[in-house]
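Report on the following structure.
The values are calculated or read from the model by the stated rules, or taken from the named source; none is laboratory data. For clarity, every value in this text was computed on a predicted model and none was experimentally measured. FYI the Cβ positions are ideal-geometry reconstructions off the backbone, even for glycines, and counts take in every protein chain you see. Accessible surface areas use protein heavy atoms only, side chains included; no ligands, DNA or RNA. Shrake-Rupley method; radii C 1.70, N 1.55, O 1.52, S 1.80 Å.
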Amino acid sequence: MRQDQEDPYQRRSAQVYAAADRAGSRFVASPRAVLYDAVLLDRDGTLIEDVPYNGDPEKVRPVPGARAALDRLRSAGLRLAVVTNQSGLARGYFTGEQMRAVHARVEELLGRFDAWLVCPHDDADGCDCRKPAPGLVYAAARELGTTPSRCVLVGDIGRDVGAAMAAGAAAVLVPTPVTRPEEVAAAGWVATDLPAAVAEILRRQQAVQPSNPPTEPVRTALVVRSDSAGDVLVTGPAIRAVAAGAERVVLLCGPRGRAAANLLPGVDEIIEHPLPWIDPNPGPVDPEAMRSLSARLGAVGADQAVVFTSFHQSALPLALLLRMAAIDRIAAISDDYPGSLLDIRHRVPVGVPEPERALSLAAAAGHRLPDGDEPVLRLRRDAVPPRPADLGDPGYVVLHPGSAASSRACPPEVATRIVGALADAGHRVLVTGGPDERAVTARVAAAGGTDLGGRTDLAGLAAIVADASAVVVGNTGPAHLAAAAGVPVVSLFAPTVPFGQWGPYRVPTVRLGDAAAPCRDTRAASCPVPGHPCLSGVDPGDVVDALRTLAVSGGGGR
C-alpha cells in the first residue's frame with residue numbers, strides 16, 4: 001500500500017460499539033451533549049471538616065469556600081449528591097436519627113442536595129456500597145437519573161477515587177492532611193481545594209461547547225491524528241463532533257494508526273502518510289515526500305483543518321504544510337507561538353483526558369457532538385468482524401500483556417502469575433498479543449489461559465474484547481478498545497505518562513501498579529529503571545480482587 005493511498009468509507013450510518021450501549025439498559029441519561037450531569041461529593045474532609053464519627057450537628061464546619069463552590073455547580077444546572085461511608089452506624093457510635101440531624105445541618109449551611117447516599121456498614125461487612133466499592137456511585141447515578149460516566153466525584157482519599165473509577169465516573173482528589181502520598185500519586189485528577197475542583201469541573205464542561213463556529217458551512221473537513229492506534233481511538237469523540245458539523249470528513253493518519261482509523265465512525269476517507277516529527281523512530285525528512293503530501297492535502301479541497309496532537313507533540317510542522325496546500329482555516333492546540341500558521345490557536349491545561357482535550361479543540365473550531373451522542377469512545381460495528389466461534393461463550397477475561405512501548409508492558413513473569421491466579425479463581429482467560437508477541441503470549445497462557453497471540457488484527461481483537469467480562473491490560477491500544485465496548489478494565493498502568501490523560505476513558509476501571517515509581521512522567525518507551533518496578537510488584541491476588549470490585553465473577557459472567 002502506498003503511503004499516500006486513500007480509501008473511501010461510507011460510515012455515516014454505521015452502527016457502533018459503544019460504552020453507552022452497555023449502560024443504557026440500566027440508566028436514563030440526559031440527551032444533552034455534555035460531560036457531566038451531576039457532581040457527587042464525599043462528606044467528611046470534602047464538604048465539612050472531618051470530625052471522626054460525628055453525630056453532633058453543632059460540630060459541623062464547612063470547608064472554606066464550600067457554599068459558594070456548590071452554588072456555582074447549582075447555577076450551572078448540575079445535580080448534587082453526597083456519597084459517604086458512615087461506619088459509625090455499624091459500630092453504634094451514633095444513631096440514624098443523629099446522622100440525619102448532621103445532614104440537616106449540612107444542608108442548612110451548604111444548601112440542598114438532590115440525594116444523600118450513605119453506606120452504613122463497616123469494612124468487615126463485605127458490602128458492595130462501602131467505598132472503594134462502586135455501589136454508592138451506581139446508586140447516586142440511578143437516583144439522579146443519569147449514568148456514572150456522566151458523574152464526577154470529589155473526595156479527599158483514595159477510597160473516593162477508587163469508587164468513582166470502579167463505576168466509570170470521573171474523580172477529583174482534594175488532598176487533606178490524612179490523604180496518603182500514594183493516593184495522591186495514583187489519582188488522575190488532583191485539585192488544591194473544593195473551589196478549585198469546582199472551577200475545573202465547570203471549565204472542562206464549558207470547554208467542549210463550541211465558542212467559534214465557522215461563518216460558512218463546512219463541506220469538507222480535514223482532521224489529522226498521527227501516531228499509534230490508541231492515539232487515534234481516543235480522538236474518536238472529537239472526530240465525531242467534527243463529522244456532525246461537516247458534510248465530509250477526511251482523516252490523515254500514520255501507518256501505526258491506520259488500523260484504528262478504519263474503526264472510527266464519522267470518517268469518510270483516510271489518507272495514510274507518516275509524519276517524521278510525530279513518529280517515534282522516524283527516517284530522514286524527505287523533501288519530495290513532504291511536497292507530495294502537501295499537494296495531496298490540497299487536493300482534498302478542505303474548508304477547514306483540525307490538527308489533533310498529544311500534549312507533548314507540535315502541530316506547527318503540519319500547519320505549515322497545510323498553509324502551503326492553501327487551506328485557509330486551520331485549528332490546533334499550540335503552546336508555542338504559531339505566527340500565521342494557525343487561525344485558531346487553542347490551549348488546554350495539563351492533565352485533561354486525551355478524549356476531552358481533543359473534544360475541546362473540536363469545540364474551539366466550532367464543532368460539538370450532537371445531542372444523544374455520549375462523549376465516549378466508539379467503534380463502527382460494521383468494521384468489527386464476528387468473534388471466532390471456537391472461543392466459546394462470552395464472559396471470559398482478556399489479558400493483554402504486551403505493548404508497542406516496552407515500558408508499558410506487563411513483565412511476562414507477572415502476567416504468568418496473574419493468569420494462574422485468575423484460572424484458580426474460576427476465570428476463563430484469553431491471552432492476546434500481536435504476531436511479534438507469540439513467544440510471550442504462549443508462555444503466559446501456559447499458566448492456565450488460551451493463547452491467541454498473533455491470531456487477530458486490531459478489528460478482530462476488538463471483537464474479542466467486546467465479548468469479554470473484563471480486560472486486564474496496560475496503557476496500550478486494547479485498553480481503549482475495551483473503553484469503546486464498555487468493558488471494565490483492570491489497568492496495569494505504568495506511570496511513564498499521566499494516568500489522568502491516558503487511563504481508560506469513562507469505563508469502570510481499577511488501577512494497579514506503583515504510581516510513584518521512578519519512571520513517573522518520563523514518557524520513556526523503554527523502561528528506564530532496572531526491574532520494571534512500577535509493574536513488577538503487582539500482586540496477582542489484587543487482580544482477582546479488582547475483578548470482584550468490578551462485579552466480574554469467576555463463573556464467566558458479570
Quiz prompt | Subset of the stretch 487-500 [within 11 Å of the chain's Cα centre (by Cα) and farther than 18 Å from Glu182 by Cα] | solution = Val489
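Matching residues to (1) open to solvent by 10 Å² or more (accessible area, probe 1.4 Å); (2) in a loop (DSSP other than H, G, I, E, B):
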{"site": "Thr220", "(1), (2)": "yes, no"}
{"site": "Ser226", "(1), (2)": "no, yes"}
{"site": "Ala241", "(1), (2)": "no, no"}
{"site": "Arg248", "(1), (2)": "yes, no"}
{"site": "Leu252", "(1), (2)": "no, no"}
{"site": "Ala260", "(1), (2)": "no, no"}
{"site": "Pro276", "(1), (2)": "yes, yes"}
Exercise. State yes or no: is Val161 of a type in the set (A, V, I, L, M), under 30 Å from Ser491 (Cα atoms), touching a residue at least 24 places away in the same chain (Cβ under 8 Å) and open to solvent by 10 Å² or more (accessible area, probe 1.4 Å)?
Key: yes
Quiz prompt | Pick from the stretch 75-130, criterion closer than 30 Å to Gln206 by Cβ and basic (Lys, Arg), ranking: most open to solvent (accessible area, probe 1.4 Å) | solution = Arg112
Exercise. Identify, by number, the condition in (1) in a helix (DSSP H, G or I); (2) crowded, with 19+ Cβ neighbours inside 10 Å; (3) not polar (S, T, N, Q) that Ala33 doesn't meet.
Key: (1)
Self-check item: Residue among Val376, Val419, Val465, Val471 that is of a type outside the set (Gly, Ala, Ser), within 30 Å of Asp279 (Cα to Cα) and either assigned to a helix (DSSP H, G or I) or open to solvent by 40 Å² or more (accessible area, probe 1.4 Å) (or both)
Solution: Val465
Self-check item: Looking only at the stretch 172-197, and only at residues there that are surrounded by 24 or more Cβ atoms within 10 Å (Cβ to Cβ) and within 24 Å of Arg548 (Cβ to Cβ), the one that is farthest from the chain's Cα centre (by Cα)
Solution: Leu173
Quiz item: Under 9 Å by Cβ, and 6 or more places apart or on different chains, what pairs join a residue from the stretch 227-251 that is in contact (Cβ under 8 Å) with a residue 24 or more places away in the chain and on the phi < 0 side of the Ramachandran plot with one that is of a type in the set (Phe, Trp, Tyr) and part of a helix (DSSP H, G or I)?
Solution: Gly230/Trp502; Val234/Trp502
Quiz item: Are any of the residues in the stretch 141-155 surrounded by fewer than 22 Cβ atoms within 10 Å (Cβ to Cβ) and free of Cβ contacts under 8 Å to residues at least 24 places away in the same chain?
Solution: no
Quiz item: From Ala331, Ala319, which residue is closer than 30 Å to Gln205 by Cβ and assigned to a helix (DSSP H, G or I)?
Solution: Ala319
Practice problem: Confirm whether Pro370 is touching a residue at least 60 places away in the same chain (Cβ under 8 Å) and surrounded by fewer than 18 Cβ atoms within 10 Å (Cβ to Cβ). | Solution: yes
Exercise. Write out, first by first residue and then by second, each pair whose Cβ atoms fall under 9 Å of each other, whose residues are 6+ apart or on separate chains, and whose first residue, in the stretch 346-360, is within 19 Å of Val376 (Cα to Cα) while the second is among the basic types (Lys, Arg) and at pLDDT below 95.
Key: Leu359/Arg368
Quiz item: Quick check, is Asp71 closer than 26 Å to Ala196 by Cα and charged (D, E, K, R)?
Solution: yes
Practice problem: Can you tell me which residue within the stretch 422-451, out of those that are free of Cβ contacts under 8 Å to residues at least 40 places away in the same chain and in a loop (DSSP other than H, G, I, E, B), is surrounded by the fewest Cβ atoms within 10 Å (Cβ to Cβ)? | Solution: Ala446
Practice problem: Provide a single number: the residues in the stretch 281-314 that are under 23 Å from the mean Cα position of the chain (by Cα) and either modelled with pLDDT under 95 or of a type in the set (Gly, Ala, Ser) (or both). | Solution: 5
Quiz item: Could we say that Arg381 is within 25 Å of Gly503 (Cα to Cα) and open to solvent by 40 Å² or more (accessible area, probe 1.4 Å) here?
Solution: yes
Quiz prompt | Residues satisfying the stated conditions in the stretch 201-217, i.e. out of contact with any strand residue (DSSP E or B) (no Cβ under 8 Å at 6 or more places or on another chain) and open to solvent by less than 40 Å² (accessible area, probe 1.4 Å) | solution = Leu202, Arg204, Gln205, Ala207, Val208
Practice problem: Filter the stretch 388-437 down to residues that are under 25 Å from the mean Cα position of the chain (by Cα) and basic (Lys, Arg), then give me how many there are. | Solution: 1
Exercise. Give the stretch 511-550 a look and list any residue that's among the hydrophobic types (A, V, I, L, M, F, W, C), outside any helix (DSSP H, G or I), touching a residue at least 40 places away in the same chain (Cβ under 8 Å) and under 22 Å from Ala170 (Cβ atoms), or say none.
Key: Ala515, Ala516, Leu550
